[in-house]
């Protein structure tokens, strides 16, 4: 009777990025002992890794590093910072950061929890920063997007109305009659949406709006 082989642990590929080599080496040393983590050098960074970016604050250089990782296909980025200003917090989220840990809260357990969450597609944010972020988002909607007739999805209210009627099965002529637009106007609205959001056609535009919860 043969012994059953234990299943292999799927390891999280982790890349640590820090301007200070000593800081980078220290974090790698803290985390290297965890069997579920596999350290990845810069040359091996790809879409499968979780990137841990360490910085004093979320300034232009930190945003540049995050965006550079995103351009290389990295979708899961955790930021470890000393100071977090409101503008920096919003900049981090806009750049693609999915988790944030303050340096004063750093421990192997806290970092591992944030890395695990990122690997699972979840976010990590201290509760007080979540409140500040929501406040920033609310102000952005009120003072920047709303005056321009835009939503966070980058669509105007007019575009949303057209997509909603298309989703109900109407053709462009029917949409035009319902909204008192010419057929050309409806087609121009659809063209603007597909071009701006890099969508293939009106069906793709409707599917996008549905996935985003806009309609």
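Rule-based calculations on the coordinates, nothing more; no lab input. The structure presented is a predicted model; accordingly, all values stated were derived computationally and were not measured. With ideal geometry, Cβ positions are generated from the backbone for all residues, glycine too; neighbour counts draw on all protein chains shown.
Got at least one residue in region 109-126 being closer than 16 Å to residue 18 by Cα, without any contact (Cβ under 8 Å) to a residue 40 or more places away in the chain and loosely packed, with under 13 Cβ neighbours inside 10 Å?
Looking for residues that are closer than 16 Å to residue 18 by Cα, without any contact (Cβ under 8 Å) to a residue 40 or more places away in the chain and loosely packed, with under 13 Cβ neighbours inside 10 Å, one finds none in region 109-126, hence no.
Quick check on my filter: what residues within region 51-68 are more than 18 Å from residue 122 (Cα to Cα) and in contact with a strand residue (DSSP E or B) (Cβ under 8 Å, 6 or more places away or on another chain)?
54, 55, 56, 57, 58, 61, 62, 65
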